[in-house]
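Comments concern the structure below.
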Amino acid sequence: NESFIASKDNNKLMTIFIHNGVKYYFIKTRKWNRLFLAADEQECIYRQALEIINSCSIDILVGWGNLLLEESIFIMARNRGIKLCFYLVNPTYKNKEFFLRKYSDLVITDSYSTRDLYKDEIDCRFEVLPKFIQKPENVFTLREVNTKPYKCLFVNPTIHKGLEAFLKIAHNSERKNLNLEFKCIDINNNLRINLSILNLSSFKLPSNIKIGSAINNTNELFEGIHFLLLPSLWHESGSRLIYEAYSRGIPVIAFSSGGTKEFMKYNPDDLFPLPETYLDVHKILRIKKWDPHLMLARFQELINDKMYYDNYSKEILSIFSNLDLDKQCTDKLNKLILNLT
């Protein structure tokens with residue numbers, strides 16, 4: 001069901017392939033960060049977008065960036081009568097002027113919390129679309145734990161994602177001898193840099209933290225995991241990880257930030273108030289004052305009673321399955337497309 005088309009242009013920067021009836025254009029770049037794309041890479045993206053717009057019958061262009069490359073493509077599309085849809089799922093556009101804010105025909109976000117954050121700034125149709133998630137191959141509901149520790153997953157250890165809180169939780173868990181081990185997935189190799197900002201060393205982390213690199217397969221990411229920790233300090237629009245954990249019966253322990261509270265409304269015992277924060281001299285979001293004992297007490301409550309944990313896991317699975325996210329997403333997306341075109 002998959003075919004690859006070798007590109008003869010753009011100095012082999014591009015690979016084109018068709019999978020499940022969808023045509024993909026992959027541009028090879030030297031850096032993963034959008035801000036560090038080279039001039040030839042940006043030109044390749046622009047010219048390929050121009051070719052697609054000129055040669056295909058495009059009705060809708062979905063965009064989510066506001067840098068000059070993206071803006072030039074959006075302007076080109078709008079001048080050809082193509083509808084613009086802005087996919088807005090983070091707080092970084094707040095109080096900023098950019099092309100899609102002014103000229104979008106539709107804005108889609110993933111939580112009502114994010115919609116409300118921008119409701120006074122964006123004057124066009126604003127729709128909330130639920131998450132599409134990868135369905136688990138196996139559901140690890142009844143996890144055998146005797147002498148082995150319970151395992152807690154923390155993904156993307158950056159400061160705004162709650163690195164300081166994570167370290168406090170792990171340190172206090174170790175000090176209290178909780179039967180808990182932390183699996184920290186360092187997606188973009190940010191851990192060392194973020195630790196240095198906090199004047200900390202990766203060689204002095206609590207011994208109950210195990211560092212891992214990015215994992216592409218979601219089932220592998222969650223295998224053997226008993227908890228997901230989501231201590232984001234910024235406006236978390238709607239983390240896909242919450243539903244990916246819930247689809248496996250895994251409790252999520254989180255700060256009540258942005259869309260997190262919305263996604264976890266059926267599990268209020270696992271939600272905790274945001275710590276008091278401030279911006280330091282480098283404009284980095286930091287924790288001013290926070291005691292992790294309430295969050296640790298919740299971990300301890302679930303760890304100390306295996307039957308309680310297993311029953312809670314089944315309850316999470318039941319609640320999640322009743323949400324029927326796939327049907328919600330598909331139905332709403334079809335309506336949006338029909339109304340926009």
The range 42-62 - residue that is in contact with a strand residue (DSSP E or B) (Cβ under 6 Å, 6 or more places away or on another chain) and surrounded by 17 or more Cβ atoms within 10 Å (Cβ to Cβ) and, of those, nearest to V107 (Cα to Cα): L61
Residues within the range 98-138 that are free of Cβ contacts under 8 Å to residues at least 40 places away in the same chain and either in a helix (DSSP H, G or I) or of a type in the set (D, E) (or both), tallied: 11
Pairs, first under 12 Å from L317 (Cβ atoms) and of a type in the set (D, E, K, R) in the range 241-257, second assigned to a loop (DSSP other than H, G, I, E, B) and open to solvent by 10 Å² or more (accessible area, probe 1.4 Å), C-beta under 8 Å, six or more apart: R248/P136; R248/V139; R248/F140; R248/T141
Failed item, numbered, when D291 is tested on (1) without any contact (Cβ under 8 Å) to a residue 24 or more places away in the chain; (2) open to solvent by less than 70 Å² (accessible area, probe 1.4 Å); (3) not in a helix (DSSP H, G or I): (2)
Elements of type strands (runs of 3 or more DSSP E) in the range 142-213, at least 3 residues being over 24 Å from W32 (Cβ atoms) and touching a residue at least 12 places away in the same chain (Cβ under 8 Å): 150-155, 180-186
Single condition H282 does not satisfy, out of (1) in contact with a strand residue (DSSP E or B) (Cβ under 7 Å, 6 or more places away or on another chain); (2) modelled with pLDDT under 90; (3) open to solvent by 80 Å² or more (accessible area, probe 1.4 Å): (1)
Filter result for E262 (touching a residue at least 24 places away in the same chain (Cβ under 8 Å) and open to solvent by less than 20 Å² (accessible area, probe 1.4 Å)): no
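The values are calculated or read from the model by the stated rules, or taken from the named source; none is laboratory data. Remember, predicted model here, so these are calculated numbers, not experimental data. Methodologically, a virtual Cβ is constructed for each residue, glycine included, from the backbone with ideal geometry; neighbour enumeration extends over all protein chains shown. To get the accessible areas, we keep the full protein, side chains included, count just its heavy atoms, and leave off ligands, DNA and RNA. Shrake-Rupley method; radii C 1.70, N 1.55, O 1.52, S 1.80 Å.
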